[in-house]
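One structure below.
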Amino acid sequence: MEGKPCSASVAMKTTLVFPPDTNHHGTLFGGKLLAHIDDVASIAAIRHARKPVVTASTDSVDFLAPVKVGHSITIKAFVTYTHKTSMEVFVKVVTEDLLKGERKVCNTAFLTFVAVDESGRPVPVPPVYPETEEEKRLFQSAPERRKQRQERRQRAKQVAQELVLKDDTDI
């Protein structure tokens, strides 16, 4: 399978933050931002694989600055690394005070997607290759993130197995 550059998967979205999107502090709900992140990241993954994808994990979601009502957010995502059927997608979110023109990175995240066939079974994805310095840094550090993800998933499975649900109220 022929490789593709990281840039071939880039997906972007800009949206304005309205009052219903915010909490009592006047800042964007974290869950609302996570929905935007998953949306844009999945587009990047689909662009790379040209197959349907499912979200396998969301990790390293770092909230670095508040996003205020009336500001915009621009979300950029691209595939940074691939394995057999999975893709790591890096997401950067920039908030902008549109009246002042001040911009800052307010969030970064890594998500993993798996390409699937019509039966929902994993299918191979093309390799990805970096071109820019940023892409190269993310590509080179991806195997360590993948290892950490696998270890975290294994710990989560162990915890889930230890939880015994007694009845419908034990949730």
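The values are calculated or read from the model by the stated rules, or taken from the named source; none is laboratory data. A quick note: this is a predicted structure, and the numbers were derived from the prediction, not measured. Counting neighbours? That spans all protein chains shown, and the Cβs are built from the backbone with ideal geometry, glycine included.
The rows are residues; the columns are (1) under 20 Å from K4 (Cβ atoms); (2) modelled with pLDDT of 95 or more.
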| residue | (1), (2) |
| --- | --- |
| L28 | no, yes |
| L34 | no, yes |
| V40 | yes, yes |
| A49 | yes, yes |
| F63 | no, no |
| V67 | no, yes |
| I73 | no, yes |
| H83 | yes, yes |
| E88 | yes, yes |
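Quick one: is K13 out of contact with any Asp or Glu (no Cβ under 9 Å at 6 or more places or on another chain) and either closer than 26 Å to S141 by Cβ or of a type in the set (S, T, Y) (or both)?
no
Just for the range 96-122: of the residues that are crowded, with 17+ Cβ neighbours inside 10 Å and touching a residue at least 60 places away in the same chain (Cβ under 8 Å), which one is nearest to D38 (Cα to Cα)?
Per the stated criteria, the residue is L111.
Quick check on this structure: which one of Q154, Q140 is more than 19 Å from K4 (Cα to Cα), assigned to a helix (DSSP H, G or I) and either of a type outside the set (D, E, K, R) or modelled with pLDDT under 95 (or both)?
The conditions single out Q154.
Go through V54, V79 for me and flag whichever is touching a Cys at 6+ places or on another chain (Cβ under 7 Å), touching a residue at least 40 places away in the same chain (Cβ under 8 Å) and either assigned to a strand (DSSP E or B) or crowded, with 17+ Cβ neighbours inside 10 Å (or both).
V79
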